[in-house]
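Visitor: Structure in structure tokens, see below.
The values are calculated or read from the model by the stated rules, or taken from the named source; none is laboratory data. Only a predicted model underlies this, so the values are computations on that prediction, with no experimental measurement involved. Heads up, the Cβs are rebuilt from the backbone with ideal geometry, glycines too, and the neighbour counts pull from every protein chain shown. Protein only, heavy atoms only, side chains kept; ligands, DNA and RNA dropped before computing areas. Shrake-Rupley method; radii C 1.70, N 1.55, O 1.52, S 1.80 Å.
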Amino acid sequence: AFALIWHARIGELVIWNRNRLRSEGLAENLVRLCGEGAGRECEIRVQDDLSEADLDEATLLVNTAPVSDELLVDPEALGPGLVVYDLVYHPAWTALLKAADRRHCKIISGLEMLASQAALSFDIWSKGMAGNVRPVMIDVLKTRIKDQWPQ
């Protein structure tokens, strides 16, 4: 959420969490980041559930819940213009990614995040001497899971 506001400069974010108190705390910090750090206003909304209308207007859905075999959103609400990013990386094809793929969404697997984190860690430990190792990390992961890589 912080990266989306800071780097992608999004102006509106809807937070849905199974724990409303956590959502509200995150929203407060995000509003503060927008105003004090980014020097602009952002609309941050906390909701108890996501409706089909919310997803109709959305361009990106990011799942951060550590669930791989259950859907926390109605698959019928996933439309072809939506980018669905599931941070879960095991299994490679989560229930959300499968549903999003069937609904012709653009999907991004948590394996992308895993490879990026590994590459960044390696860069930190090697003090940048190895160059960009992310493509190597991706190749290793693809070799490891073979044809299971979500595309």
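Visitor: Can you tell me which residue in segment 13-33 is modelled with the lowest pLDDT, limited to those that are outside any helix (DSSP H, G or I) and open to solvent by 30 Å² or more (accessible area, probe 1.4 Å)?
Guide: Arg18
Visitor: Is there any pair with a first residue in segment 10-28 that is polar (S, T, N, Q) and a second that is open to solvent by 40 Å² or more (accessible area, probe 1.4 Å) and not in a helix (DSSP H, G or I) whose Cβ atoms are under 9 Å apart and which are 6 or more apart or on different chains, and what are they?
Guide: Asn17/Thr64; Ser23/Trp16; Ser23/Asn17; Ser23/Asp48
Visitor: How many residues are open to solvent by 40 Å² or more (accessible area, probe 1.4 Å), modelled with pLDDT under 90 and assigned to a loop (DSSP other than H, G, I, E, B) when one looks only at segment 34-65?
Guide: Looking only at that region, the number is 7.
Visitor: Being surrounded by fewer than 21 Cβ atoms within 10 Å (Cβ to Cβ) and among the polar types (S, T, N, Q) is the filter here; which residues of segment 104-122 pass it?
Guide: Scanning segment 104-122 gives Ser116, Gln117, Ser121.
Visitor: OK, next. Only residues in segment 133-144 that are open to solvent by less than 70 Å² (accessible area, probe 1.4 Å) count as the first member; pair them with residues that are of a type in the set (A, V, I, L, M), Cβ under 6 angstrom, at least 6 apart or cross-chain, and list the lot.
Guide: Listed pairs, sorted by first residue: Val133/Ala119; Met137/Ala115; Met137/Ala118; Met137/Ala119; Ile138/Ala115; Leu141/Leu111; Leu141/Ala115.
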